[in-house]
Amino acid sequence: MANNTTGLTRIIKAAGYSWKGVRAAWLNEAAFRQESVAVILAIVIACWLDVDAITRVLLIGSVVLVMIVEILNSAIEAVVDRIGTDFHELSGRAKDMGSAAVLMSILLALATWGMLLWSHYR
């Protein structure tokens, strides 16, 4: 049977699935909870700082990107664990690459904050 969900109903259902994903990340991933606290603090600081709109968007966007990558990493880990818990080189590689992506997004956020705040306050 074909899925005939279109328009507003499809958008509402998609938003529900997205909310389930965020909730699952919050409930099952300690790293997501820790990063969420850091991101909320960073967003509050970015809104408090006396910077122009583009700088503020870059500051906030760089930390939100960390959350996006963390959710994707968690999804990769869940799929790998679903396939099996026995050690396999490809499973380890997938998990390591997901972790590397999170690290790279964190380094990007730190570099973005460092460069923008340095240029603004020097």
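The values are calculated or read from the model by the stated rules, or taken from the named source; none is laboratory data. Remember, predicted model here, so these are calculated numbers, not experimental data. Every residue, glycine among them, receives a Cβ derived from its backbone with ideal geometry; neighbour counts consider all protein chains shown. Just so you know, the surface numbers come from the protein's heavy atoms only, side chains and all, with ligands and any DNA or RNA stripped out. Shrake-Rupley method; radii C 1.70, N 1.55, O 1.52, S 1.80 Å.
Collect the residues in segment 48-67 that are among the aliphatic types (A, V, I, L, M), loosely packed, with under 11 Cβ neighbours inside 10 Å and farther than 16 Å from residue 114 by Cα, keeping them in residue-number order.
53
Please work out which residue is farthest from the chain's Cα centre (by Cα), limiting yourself to segment 1-43 and to residues that are surrounded by 12 or more Cβ atoms within 10 Å (Cβ to Cβ) and of a type in the set (S, T, N, Q).
5
Enumerate the pairs (first residue in segment 105-121 and touching a residue at least 40 places away in the same chain (Cβ under 8 Å) and part of a helix (DSSP H, G or I); second residue anywhere and hydrophobic (A, V, I, L, M, F, W, C) and open to solvent by 50 Å² or more (accessible area, probe 1.4 Å)) with beta-carbon separation below 8 Å, excluding pairs fewer than 6 apart on the same chain, so at least 6 apart or on different chains.
105/65; 105/68; 108/65; 109/65; 112/58; 116/58
Considering only residues that are open to solvent by 40 Å² or more (accessible area, probe 1.4 Å) and of a type in the set (Ser, Thr, Tyr), look in segment 68-114 and name the one that is nearest to residue 32 (Cα to Cα).
99
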